[in-house]
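Where a number appears in this text, it was derived from the coordinates with a stated rule and is not lab data. Keep in mind the model is a prediction, meaning the values are calculated, not measured. As a convention, Cβ positions derive from the backbone with ideal geometry for all residues, glycine included, and neighbour counts pool all protein chains shown.
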Amino acid sequence: MKNKKYIIFDFDGTLFDSQIGIKKAFQYALKQEGIIENDKEKLQSFIGPSLHSTFEKHYGFSKEKIDEVIVKFRAYYSNKGYLETALYYEVKEMLQDLKNADKSISIATAKPTVYAKQILKNFELMHFFDSIQGSKLKGELFPKDRVIGSVMKDLDLFDAEDCVMIGDTIYDIKGAQYHNMDCIAVNYGYGKHKDLVDARPNKVVETVNELREFIL
């Protein structure tokens, strides 16, 4: 992958450990509906898929109810949750090395773009990225292949030959494969190892440092 010019990263579970704020936002929104959710494994599985699919799949909410619950999720996340985020160890150094190597770095995330940009600003990382594409607050840009497509369109790329997608879930892998794009799965994020392997990415890495060595 060292020859790839365009490096596209997922956000949560790949660059940032965002799970605390996301889980608390889910718990807050569900509590407003009279549901106390403390199942750690279940909450973990909520990170990655769209909010719409999570609330429908796990709680059977109607479309109208889902829209209401998402407003409550956003109320917590926009006030507190997005601040409960940590940058994975050695990520900033990796981004700087990629920039020094004249790579183009972008983000394709299921997270609303406005929150992704705010977090990047808080960590003083905005200058590393040529394109930052996410969902809108109502999730119009999900599934992941559409978000990746938005990055390609923003960069005026007509094919994915010179690109690689890096993410921690099957959604990132499948999204990349939709565009015939190479994909690296990171095993330090929120996806299950078996699921990642079964999705057949080009490579699975265990650490940020291993990822850095593979793409530089």
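What the table shows:
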| quantity | calculated |
| --- | --- |
| Beta bridges per DSSP with both ends in the chain, % antiparallel, nearest 5 | 10 |
| Other-chain or far-sequence residues with amide H under 5 Å of residue 204's (modelled H) | 185 |
| Lysines whose Cα lies under 17 Å from that of residue 80, excluding same-chain neighbours fewer than 8 positions away | 23, 24, 31, 72, 111, 117, 121 |
| Spacing of the two label points (7 Å from each Cα toward its C-beta) at residue 213 and residue 118, in nm | 3.8 |
| Of [x] 20.3, 79; [y] 16.7, 52; [z] 19.0, 62, the label for Rg and Dmax of the Cα atoms in Å derived from the coordinates | [y] |
| FRET E, pair residue 187, residue 93, Förster distance 25 Å, beta-carbon r, rounded to 0.05 | 0.80 |
| When segment 19-83 is reduced to its Cα atoms, the Kirkwood hydrodynamic radius in Å | 11.6 |
| Rounded Å value of the spacing that divides the Cα centres of segment 81-149 and segment 189-216 | 18 |
| Extension reserve of the residue 38-residue 158 stretch, reckoned as 0.36 nm per residue once the Cα distance is removed | 38.7 nm |
| Calculated FRET efficiency for the pair residue 5/residue 79, C-beta based, R₀ 41 Å, to 0.05 | 0.60 |
